[in-house]
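*Asks:* This is the structure, below, for whatever I ask next.
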Amino acid sequence: MRIPFVSFEKMHSEIRDELQQDFSRVLEGNWFINGEEDKRFEASFAQYIGREHCIGCGNGLDALFLSLKALGIAQGDEVLVPANTFIATALAVSYIGAVPVFVEPRIDTYNMDPDRIREKITSRTRAIIPVHLYGQPAQMDAVAEIAKEYGLSVIEDCAQAHGAKYFGKRIGCFGEAAAFSFYPGKNLGALGDAGAVVADDPILAEKIRAMGNYGSMKKYDHIYLGNNSRLDELQAAFLVTKLKYLEKWNQERVRIAARYLGGIHNRHIILPKVEAGMEPVWHIFAVRCSTRKQLEKAMEEKGIGTNKHYPIPLHRQKAYQQLHIPEGAYPVAEEISRTQLSIPMYYGMAEDEIQYVIDVLNEYSPE
């Protein structure tokens, strides 16, 4: 049996006719930027998340960057980010001219450890970006409490957590702003690059929108030194259609995760922990294994696709060598990077495929 790490075949085949209708409607309308499709998606997504405003943009990195910029984060400021996440979280900080300061994760949930945040706060700290990694909600109550204590802004990185809930409230409702990516592989994915920011403050939302529109709220009248980052009409139309099915797709991910959590019993494999009040959407199902390379090979030999998220922690990336952070400075993040392996998780997995993955993992024994 061959099982890919990810597949969009079933998802897209079920809504193919709707997506083709979306394409035809946008093509025939001859309006491709800042039109009705964009307005429809922004209204729908804001309502889905439970926030007042949604601003479409080019991608998830831009969503973070525009949020930081609109909140006034600037050259020399410091922003706390997880030590284990995709580099986009840190890049957004760097693009502003600020300095990303890494915070260790928890070894069991992989998310930023609130108990390690205070030790990283200095007089230059301006914001915290908690990442809801792999679709698992971060501990937002603790993050919010620390942010309030020190007067810091909170920007949620929700790129992997569309629809996840924290004590009954959707992820994306806890910071001054929350950034989403709609990269095709996300739980809610476009058919190209796309992103969005959600917020409640109308002034902040208006500023974010202007920042992504060349700093302009009215054509040829530029208030800010802005950027060009707008959600195009075609991707907006696709996203409106796909948003209707997100809960269905997420429920299937939750079901597959429950099968994994209940069925994988191997002392060599460590499963992720889900705490009370957390409702993950399992963008990625990540296990850990001290003999990851062997496990990866064993899965490959059995026809099962895997991935590593992420094999090099941020502080050891060449892009951040100027920070001069030595190996060993973030032992938890480094341990996760050494041992994490992502196994198949996508809408459309058949029951025998799920069971096959479980069986192969249970049979694994390092040499």
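*Asks:* Looking at the range 294-339, which of its residues are outside any helix (DSSP H, G or I), open to solvent by 30 Å² or more (accessible area, probe 1.4 Å), in contact (Cβ under 8 Å) with a residue 12 or more places away in the chain and over 21 Å from His283 (Cβ atoms)?
*Replies:* Hits for the range 294-339 are Lys302, Gln317, Ile325, Ala329.
*Asks:* Out of Arg25, Arg2, report the one residue that is surrounded by fewer than 14 Cβ atoms within 10 Å (Cβ to Cβ) and touching a residue at least 60 places away in the same chain (Cβ under 8 Å).
*Replies:* Every option except Arg2 fails the conditions.
*Asks:* Another one. Could you look through the range 163-203, keep only residues that are of a type in the set (Val, Ile, Thr) and either surrounded by 22 or more Cβ atoms within 10 Å (Cβ to Cβ) or touching a residue at least 12 places away in the same chain (Cβ under 8 Å) (or both), and pick out the one that is farthest from Glu145 (Cα to Cα)?
*Replies:* Val197
*Asks:* With the condition kept exactly as written, say whether any residue in the range 340-359 is over 30 Å from Tyr245 (Cβ atoms), open to solvent by 10 Å² or more (accessible area, probe 1.4 Å), modelled with pLDDT of 95 or more and of a type in the set (A, V, I, L, M, F, W, C).
*Replies:* no
*Asks:* For the range 102-147, what are the residues that are outside any loop (DSSP other than H, G, I, E, B) and aromatic (Phe, Trp, Tyr)?
*Replies:* Phe102, Tyr134
*Asks:* When you go through Arg316, Arg292, Arg288 one by one, which is the residue that is touching a helix residue (DSSP H, G or I) at 6+ places or on another chain (Cβ under 9 Å), modelled with pLDDT of 95 or more, within 30 Å of Lys248 (Cα to Cα) and not acidic (Asp, Glu)?
*Replies:* Arg288
*Asks:* Answer yes or no as to whether Ala286 is in contact with a Pro (Cβ under 9 Å, 6 or more places away or on another chain), in contact (Cβ under 8 Å) with a residue 40 or more places away in the chain and outside any helix (DSSP H, G or I).
*Replies:* yes
*Asks:* Go through the range 87-105 and give me each residue that's crowded, with 20+ Cβ neighbours inside 10 Å and not aliphatic (A, V, I, L, M).
*Replies:* Those that are crowded, with 20+ Cβ neighbours inside 10 Å and not aliphatic (A, V, I, L, M): Thr89, Pro100, Phe102, Glu104, Pro105.
*Asks:* Take the residues of the range 256-283 that are without any contact (Cβ under 8 Å) to a residue 12 or more places away in the chain and small (Gly, Ala, Ser): which is most open to solvent (accessible area, probe 1.4 Å)?
*Replies:* It comes out as Ala276.
*Asks:* Something else now. Say whether the condition of being surrounded by 18 or more Cβ atoms within 10 Å (Cβ to Cβ) and not in a helix (DSSP H, G or I) is met by at least one residue in the range 245-255.
*Replies:* Scanning the range 245-255 turns up no residue that is surrounded by 18 or more Cβ atoms within 10 Å (Cβ to Cβ) and not in a helix (DSSP H, G or I).
*Asks:* Condition (residue is assigned to a helix (DSSP H, G or I), modelled with pLDDT of 95 or more and on the phi < 0 side of the Ramachandran plot) applied to the range 269-283: is it met by at least one residue?
*Replies:* No, because not a single residue in the range 269-283 is assigned to a helix (DSSP H, G or I), modelled with pLDDT of 95 or more and on the phi < 0 side of the Ramachandran plot.
*Asks:* Please find, within the range 42-70, the residue that is nearest to Met140 (Cα to Cα) out of those that are in a loop (DSSP other than H, G, I, E, B) and either touching a helix residue (DSSP H, G or I) at 6+ places or on another chain (Cβ under 7 Å) or small (Gly, Ala, Ser) (or both).
*Replies:* It comes out as Gly50.
The values are calculated or read from the model by the stated rules, or taken from the named source; none is laboratory data. Every value quoted in this text rests on a predicted model; they were computed, and no experiment measured them. Don't worry about glycine lacking a Cβ; one is built from the backbone with ideal geometry, like all the others, and counts go over all protein chains shown. Surface accessibility is based on the protein's heavy atoms, side chains included, excluding ligands, DNA and RNA. Shrake-Rupley method; radii C 1.70, N 1.55, O 1.52, S 1.80 Å.
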